[in-house]
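Student: Here it is, the structure in full.
The values are calculated or read from the model by the stated rules, or taken from the named source; none is laboratory data. Just so we're clear, the structure is a prediction, and the values are computed from it rather than from any experiment. Every residue, glycine among them, receives a Cβ derived from its backbone with ideal geometry; neighbour counts consider all protein chains shown.
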Amino acid sequence: MKTKLHTLLLLLFFTIGHANAQWELQLNLNMYAGAGRIHFVNETHGWTTGGLIEGAYECLYTTNGGKNWYLLPGATSGIDVFFVSQDIGFLSTWDGIIRKTVNGGQTWRDIQTPTNKLIYNLQFVDEYNGWAQVYGGEILHTDDCGENWTVQVVSDSITPTHVSVHFLNSNTGWAKVSAQGDSKRSVWKTDNGGSEWDSIFSWPEGCYIDKIYFVNEQNGWALGRLSPSDSIFLSQTVDGGYTWNEKKLPFPDYKYEVREKLRDIQFINDTLGWIICNRTIYDDFDNIEGIESYVFVTKDGGSIWFLQFYNYSYDGYNPATDSYHYLSPFLDICMVSTKKGWIAAENYIYTTNNGDSIIGIPQKEHFNNKLNVYPNPFKDWISIQLPQYEKPTKVTISSIDGKILLHEDFPSDNTLNLNFLSKGVYFLTVYLNNNHSLIDKIIKL
């Protein structure tokens, strides 16, 4: 049966070529509940968890950058995966066991942790020091390459119900803690590897933080949602977590009911980073019509984010292609360089060789169905027309390689003098007061 599944995976593999595509479909599992978490240690060796194959959650691995994927032997029921090298890796499970391999995943050894609950968000900062989160609020730590795990307590005075931890090195780390009986979500910091923690900030009631992530000792991010609106909440700190400010993403406007969720964030250096998120679209009867998934990229440390990639998925049969489609929200991103990376979706794996580019932003009809730019192509001036009920606040002109050429208040007369631009293709972004934006491609003659 394993041989048949190996063959099946190879047959299911295909790529889509596109001259200006940042992200390309690399693997289609063609079944519900595909890849969940994904981790690469370099441009060739990677692993992914969560593929539901013949009733069991399997893990896959590749040694050629995802051109071919194979079943990982003995790695069923994996929740999260993290490798510190091509040989040494770890797999978390549903029942408190962390599996360890020293040969790239060909064989595994079970290590019992102090819990019997689901373990997720594995993270190692070197070969020896690692952390993991436990469903229910515990933090696990190892300092001997995963051979032994202990529970770290943020504070004896609180009972955590959910945590999110992120470490930069073996000493410095942060934790977002939701505690029983406390409606606030607090940030804690440690400078000694988690032995002691200090409370440094609390978000107000109604902010639900799912993930905390730090780029360096000053710049950090929090991903979550707001209640009761159920809209996304993105917050940044530039002083190590002591103060936080809400940030906005340039979502295309949408005329139907949507519910948004930020899924993951990663920076490859102090300035270049990515965020993946999903929008679930509902009809008038609160049924799911589809899911829009987005990749946003920043080149200046998060001051400005660009829409880099868009994907739409739905659940149903397509007679035009004689195939069945599944809802496939983006779940996890792994970048190994400024160019190369992968995204794990519910049923697919995407890859990019141009991760620092914004060339070829996909345009969909509702992206700019309210934005009328003329003349386009233009020579010097353009006029931007919007419906009266839309309230624009800012306007940005960017080159196809992501460089900001103009960023200012939206003009009161709706016109822009762009005679300083050279001939070529540019992106126009109009920011609205409802935290959304409209994007269009313009051409200078």
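Student: From TYR128, TYR120, grab the single residue that is closer than 20 Å to PHE90 by Cβ, part of a strand (DSSP E or B) and assigned by TED's automatic domain parsing to the domain that holds LYS211. Steps first, please.
Tutor: Details: TYR128 fails: part of a strand (DSSP E or B).
Only one candidate passes the filter, namely TYR120.
Student: If a residue must be touching a Cys at 6+ places or on another chain (Cβ under 8 Å) and under 13 Å from CYS59 (Cβ atoms), how many such residues does segment 69-110 contain?
Tutor: Residues meeting the conditions: 8.
Student: Looking at segment 143-183, what strands (runs of 3 or more DSSP E) fall wholly within it and have at least 3 residues that are of a type in the set (A, V, I, L, M, F, W, C) and under 23 Å from the mean Cα position of the chain (by Cα)? If you could, list the steps in order and put the result at the bottom.
Tutor: Working: elements: 150-152, 160-167, 173-179.
Correct list: 160-167, 173-179.
Student: Further, regarding this structure: With the structure loaded, tell me whether GLU246 is surrounded by 14 or more Cβ atoms within 10 Å (Cβ to Cβ), acidic (Asp, Glu), at pLDDT 80 or above and assigned by TED's automatic domain parsing to the domain that holds THR338 or whether it fails that test.
Tutor: Numbers: surrounded by 14 or more Cβ atoms within 10 Å (Cβ to Cβ): no; acidic (Asp, Glu): yes; at pLDDT 80 or above: yes; assigned by TED's automatic domain parsing to the domain that holds THR338: yes.
Against the criterion (surrounded by 14 or more Cβ atoms within 10 Å (Cβ to Cβ), acidic (Asp, Glu), at pLDDT 80 or above and assigned by TED's automatic domain parsing to the domain that holds THR338), GLU246 does not qualify.
Student: Right, next: Among the residues of segment 230-239, count how many are in contact with a Phe, Trp or Tyr (Cβ under 8 Å, 6 or more places away or on another chain) and not in a strand (DSSP E or B).
Tutor: Quick first cut of segment 230-239, residues in contact with a Phe, Trp or Tyr (Cβ under 8 Å, 6 or more places away or on another chain) only: 233-237.
Narrowing further to those that are not in a strand (DSSP E or B): none.
Total meeting the criteria: 0.
Student: Given the criterion surrounded by fewer than 20 Cβ atoms within 10 Å (Cβ to Cβ), under 19 Å from GLN133 (Cβ atoms) and modelled with pLDDT under 95, identify the matching residue among THR159, THR172. Show your work before the answer.
Tutor: Details: THR172 fails: modelled with pLDDT under 95.
Only one candidate qualifies: THR159.
Student: Another question about this same structure. Of these, GLY50, GLY105, GLY65, which one is at pLDDT 90 or above, small (Gly, Ala, Ser), within 30 Å of GLY355 (Cα to Cα) and crowded, with 21+ Cβ neighbours inside 10 Å?
Tutor: Working: GLY50 fails: at pLDDT 90 or above; GLY65 fails: crowded, with 21+ Cβ neighbours inside 10 Å.
One residue alone meets the criteria, GLY105.
Student: Among the residues of segment 77-102, which ones are surrounded by fewer than 16 Cβ atoms within 10 Å (Cβ to Cβ), of a type outside the set (Asp, Glu) and over 15 Å from GLY146 (Cβ atoms)?
Tutor: GLN86, TRP94
Student: For residues in segment 315-345 being at pLDDT 80 or above and not in a strand (DSSP E or B), which is surrounded by the most Cβ atoms within 10 Å (Cβ to Cβ)?
Tutor: SER328
Student: From the list LYS211, LYS189, pick out the single residue that is over 20 Å from the mean Cα position of the chain (by Cα) and either assigned to a strand (DSSP E or B) or farther than 25 Å from SER437 by Cα (or both). Working first, answer last.
Tutor: Numbers: LYS211 fails: over 20 Å from the mean Cα position of the chain (by Cα).
One residue alone meets the criteria, LYS189.
Student: Can you tell me which residues in segment 405-427 are of a type in the set (Gly, Ala, Ser) and either surrounded by 13 or more Cβ atoms within 10 Å (Cβ to Cβ) or in a strand (DSSP E or B) (or both)?
Tutor: First, the residues of segment 405-427 that are of a type in the set (Gly, Ala, Ser): 412, 422, 424.
The one that is of a type in the set (Gly, Ala, Ser) and either surrounded by 13 or more Cβ atoms within 10 Å (Cβ to Cβ) or in a strand (DSSP E or B) (or both): GLY424.
Student: Please identify the pairs in which a residue from segment 411-428 that is farther than 14 Å from LYS441 by Cα has its Cβ atom under 6 Å from the Cβ atom of a residue that is aliphatic (A, V, I, L, M) and surrounded by 13 or more Cβ atoms within 10 Å (Cβ to Cβ), counting only partners at least 6 apart or on another chain.
Tutor: So the pair list comes out as ASN414/ILE384; LEU416/ILE382.
Student: Give the residues of segment 190-242 that are free of Cβ contacts under 8 Å to residues at least 12 places away in the same chain and either closer than 25 Å to THR142 by Cα or surrounded by 17 or more Cβ atoms within 10 Å (Cβ to Cβ) (or both), sorted by residue number. Working first, answer last.
Tutor: From segment 190-242, those free of Cβ contacts under 8 Å to residues at least 12 places away in the same chain are 196, 198, 229; that's our starting set.
Passing the criteria: GLU196, ASP198.
Student: Here's something else I'd like to know. Go through segment 78-102 and count every residue that is assigned to a loop (DSSP other than H, G, I, E, B) and either at pLDDT below 95 or on the phi > 0 side of the Ramachandran plot (or both).
Tutor: Pass one, segment 78-102, residues assigned to a loop (DSSP other than H, G, I, E, B): 78-79, 84-88, 93-96, 102.
Then keep just the ones that are either at pLDDT below 95 or on the phi > 0 side of the Ramachandran plot (or both); that gives 78-79, 93-96.
Residues in segment 78-102 being assigned to a loop (DSSP other than H, G, I, E, B) and either at pLDDT below 95 or on the phi > 0 side of the Ramachandran plot (or both): 6 in total.
Student: Still on this structure, please answer the following. Which of the numbered conditions does TYR312 fail, given that it passes all the others? Conditions: (1) aromatic (Phe, Trp, Tyr); (2) buried (at least 21 other Cβ atoms within 10 Å of the Cβ); (3) modelled with pLDDT under 90.
Tutor: (2)
Student: Give the residue, chosen from ASN68, ASN129, ASN64, that is free of Cβ contacts under 8 Å to residues at least 24 places away in the same chain and within 23 Å of PHE40 (Cβ to Cβ).
Tutor: Numbers: ASN68 fails: free of Cβ contacts under 8 Å to residues at least 24 places away in the same chain; ASN129 fails: free of Cβ contacts under 8 Å to residues at least 24 places away in the same chain.
Of the residues listed, the single one that is free of Cβ contacts under 8 Å to residues at least 24 places away in the same chain and within 23 Å of PHE40 (Cβ to Cβ) is ASN64.
Student: Hey, could you check segment 386-408 for residues that are of a type in the set (Lys, Arg) and under 27 Å from the mean Cα position of the chain (by Cα) and say which is modelled with the highest pLDDT? Show your work before the answer.
Tutor: Filtering segment 386-408 down to residues of a type in the set (Lys, Arg) leaves 391, 394, 403.
Checking the rest, the ones that are also under 27 Å from the mean Cα position of the chain (by Cα) come to 394, 403.
Details: LYS394: 86, LYS403: 74.
This residue is LYS394.
Student: With (1) on the phi > 0 side of the Ramachandran plot; (2) at pLDDT 80 or above as the list, and TYR348 as the residue in question, which single condition is left unmet?
Tutor: (1) is the only condition that TYR348 fails.
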